[in-house]
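Q: My questions will all concern the structure given below.
The values are calculated or read from the model by the stated rules, or taken from the named source; none is laboratory data. If you're wondering where the values come from, they're calculated on a predicted model, not measured in any experiment. Here the Cβ positions follow ideal geometry from the backbone for every residue, glycine too, while neighbour counts run over all protein chains shown.
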Amino acid sequence: MVRRWFVVWGACALLGFALPAAGFHYNAAVGSTVYQYDGAFGQTPGNADTYFPLRFRADQDTAVGNFGLVGNAEYHKWLGQPGDGKRLYYGYLRWRSPGEWVELDAGRQYIAAGATVGYIDGGRLTVRQDRKWSADVIAGATVVPDFYKVRRFNATSAEEEAAYPYQYKDYQVLGARAGVNVDELASRFPFGLSLGASANVTHRAGIEARNVFGFDSSQDPFSRLKLIEEVQYDRIGGKVSYQYYAARYRPTDKLSSYVDYRRQEPRNIDYASLFWIFGPRPRDRARVGMQYKFAPQAQPFVEYALTKRGANQGDVYRAGLDQDFGYAFLEYGGYLGEGGRAFKGGDEMGAFASADFPKPVPAFEPLSLGLSADWRKYKPYSDTDDLGDSAFLADVHGSLKLWRYLTTTLGADWLTNPDVANDIRAYVQIGLAVSG
């Protein structure tokens, strides 16, 4: 299946060069990642996986609307081990009517429409009128995850792999959402207000697995405050399965703050997870933070996050500084965690830093750079625990515009933690963009 998509996308790429018609837009990226590691726990050092990802997007304006093709696929090979893997993350056809008041997507796609969230193989119909209102209808089947990386360690034959119990497949999904911006419909409405209602039915072989109703809203009572709420009710489980509340407040031009709370209940169908057998518990997360614009280029920030799962609790304190010089963006700081490592104790501390050059380097405009580093020091669970160790992750990459339409990116990652002594990955990507 994935090979067919590669052929289709390659043919479209050649067609894009041969027929750069007016209103035509095309961009694609293909790359490769190879890495080597020194294993812990007696693992044999050596080469690991090799990945070949491909992303593609093309669209063409016509008299009857805009037609497009969007996709992301990957082929990977486990060096030194039998077998390989192919995966289509998403790939769908898109049509937008003149004026973009109707849109139809067909294929594998990610859906985020109220109570319907996740990847499906199917279709989505959207009808909208400017910013006043919109309606979505979704129908399809759930996407089977790629479990080969898990199965290859404990399955020795194709029959055993086929019998692997943690499968999330053959579920049919039907969903809908309708939303309205009240302030756009009623010009004299005193503040910004949007409302949405959604529903989702997921079933297999005639047995309903989920039946969820959702409500979401946002308000702008005045220019410096924004409120967001989202609630979902699971009719089969007989409980509120998801809640999210957030507030963004900017008391002055220099100071901004936020607070949010999220509660996620366990889902009542056999999601493909090994942890399902351990009886999942609700997860609560609360955050509060603020950022101060000390100077046009310097903005210090501080954040506190609390996460609870059952009786286990984790706290994380984070502070740092953002600096924006126009062509370079820097962020650095540190954090302290208490009881957050797998919710069993094991405090941690660390530091992070990153530098991105979203605009070309002034001395050499075709080149843009980026680098980041993250270091964490873990405290052991107990005096006999030997996993109290540090973890370090660094990335450096550069993008070079070789031609008007062609850009190449070269980068490397370095990871070290209690499980892997040295994990070094090198990746290259070639991107192409054509418009007519």
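Q: Quick one: would you say G80 is modelled with pLDDT of 85 or more and small (G, A, S)?
A: no
Q: Hey, another quick one. Which residues, counting only those in the stretch 183-201, are under 28 Å from I138 (Cα atoms) and of a type in the set (A, V, I, L, M, F, W, C)?
A: L185, L193, L195, A197, A199, V201
Q: While we're looking at this one, here's another question. For the subset of the stretch 205-234 comprising residues that are among the basic types (K, R) and touching an Asp or Glu at 6+ places or on another chain (Cβ under 9 Å), which member is modelled with the highest pLDDT?
A: Step by step, filter the stretch 205-234, then rank; the result is K226.
Q: Of the residues in the stretch 267-293, how many are in a loop (DSSP other than H, G, I, E, B) and at pLDDT below 90?
A: Final tally of qualifying residues: 11.
Q: Are any residues in the stretch 89-144 among the aliphatic types (A, V, I, L, M) and not in a strand (DSSP E or B), and if so, which ones?
A: The answer is A115, V143, V144.
Q: Checking the condition of a type outside the set (F, W, Y), over 23 Å from A115 (Cβ atoms) and either touching a strand residue (DSSP E or B) at 6+ places or on another chain (Cβ under 9 Å) or surrounded by 15 or more Cβ atoms within 10 Å (Cβ to Cβ) (or both), which residue from L225, L195 passes?
A: Going through L225, L195 in turn, the sole match is L225.
Q: Quick one: count up the residues across the stretch 379-418 that are modelled with pLDDT of 75 or more, surrounded by 15 or more Cβ atoms within 10 Å (Cβ to Cβ) and farther than 30 Å from L54 by Cα.
A: Going through the stretch 379-418 one residue at a time, the tally reaches 1.
Q: Another one. Just to be sure, is G314 under 22 Å from K377 (Cβ atoms), out of contact with any Ser or Thr (no Cβ under 6 Å at 6 or more places or on another chain) and not aromatic (F, W, Y)?
A: no
Q: Hey, among the residues in the stretch 235-254 that are modelled with pLDDT under 95 and among the polar types (S, T, N, Q), which one's nearest to V288 (Cα to Cα)?
A: T252
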